[in-house]
Amino acid sequence: MIRVLLADDEAMIRAGVRAILATDSGIEVVAEASDGREAVELARSQRPDVALLDIRMPQLDGLSAVPEIRRAVPDTAVLMLTTFGEDEYIARALGDGAAGFLLKAGDPRELIAGVRAAADGGAYLSPPVARRVITELNRGRLSRGAEARARVDALTGREREVLALVGTGLSNAQIARRLHLVEGTVKAYVSAVFTRLGVRNRVQAAILAYEAGLVGEDGP
């Protein structure tokens, strides 16, 4: 069962999101918060698998709550849920360790897919957000490509292979099946790659893999 913390200052939005998640028997909303400060406290006490945070909330906004939750409960993946898709919000949320960015106007199936991906150690971006990220990466890809390749070249061949698969959005379990490895071994590789590259989450690792040319828009 995937345990979810839902934080949004609008009760009607929370009810709608909760109803969508309830259609998946493997997901349970274990706590709800109406502001960011309450979300941080509930994350500490409930230790959910995934925290779904609205961006604009009283007391403490969702963007500010991301690093606090990541520090307090490192095993809790954080997904941003909002109507806003401005680039500065996307960059800040992902830079602070969010595992994904979901738009409230998106397909309800994206919500379930995002929660499942985050709970499995993966990352998820709504398609409109993904397109904006790719566009931004392409604008500066040439200037950042050389630096990214230099960082990636310091990895072993197997580590680069794992990084490329992380870049396609695969979970540890899926990478293990692809490479015929034990999932624990893949987890160790992923941890080592993150440490050597100086990245904090799978989204940052995927961006670096993309900039280094290990991954294209359509896959490895």
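The values are calculated or read from the model by the stated rules, or taken from the named source; none is laboratory data. Quick caveat: nothing in here was measured; it's all calculated off a predicted structure. Here the Cβ is made from the backbone with ideal geometry for all residues, glycine too, and neighbour counts use every protein chain on show.
Quick notes
- Taken as a whole, the structure leaves ALA118 outside the set of residues that are farther than 24 Å from GLY26 by Cβ and of a type in the set (A, V, I, L, M).
Yes or no, residue by residue, for (1) outside any helix (DSSP H, G or I); (2) surrounded by 15 or more Cβ atoms within 10 Å (Cβ to Cβ); (3) among the basic types (Lys, Arg); (4) modelled with pLDDT of 90 or more:
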{"residue": "TYR89", "(1), (2), (3), (4)": "no, yes, no, no"}
{"residue": "ARG92", "(1), (2), (3), (4)": "no, yes, yes, no"}
{"residue": "ALA105", "(1), (2), (3), (4)": "yes, no, no, no"}
{"residue": "LEU111", "(1), (2), (3), (4)": "no, yes, no, yes"}
{"residue": "ALA118", "(1), (2), (3), (4)": "no, yes, no, yes"}
{"residue": "VAL133", "(1), (2), (3), (4)": "no, yes, no, no"}
{"residue": "GLY140", "(1), (2), (3), (4)": "no, no, no, no"}
{"residue": "ALA146", "(1), (2), (3), (4)": "no, no, no, no"}
{"residue": "ARG160", "(1), (2), (3), (4)": "no, yes, yes, yes"}
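- Close pairs from region 174-191: first assigned to a helix (DSSP H, G or I), partner of a type in the set (Lys, Arg), Cβ under 7 Å, at least 6 apart: TYR189/ARG158
- Of ILE13, ILE90, all but one fail to be closer than 15 Å to SER126 by Cβ and either free of Cβ contacts under 8 Å to residues at least 24 places away in the same chain or out of contact with any Gly (no Cβ under 9 Å at 6 or more places or on another chain) (or both); the exception is ILE90.
- Across region 12-28, the number of residues qualifying as in contact with a strand residue (DSSP E or B) (Cβ under 9 Å, 6 or more places away or on another chain) and either assigned to a helix (DSSP H, G or I) or aliphatic (A, V, I, L, M) (or both) comes to 7.
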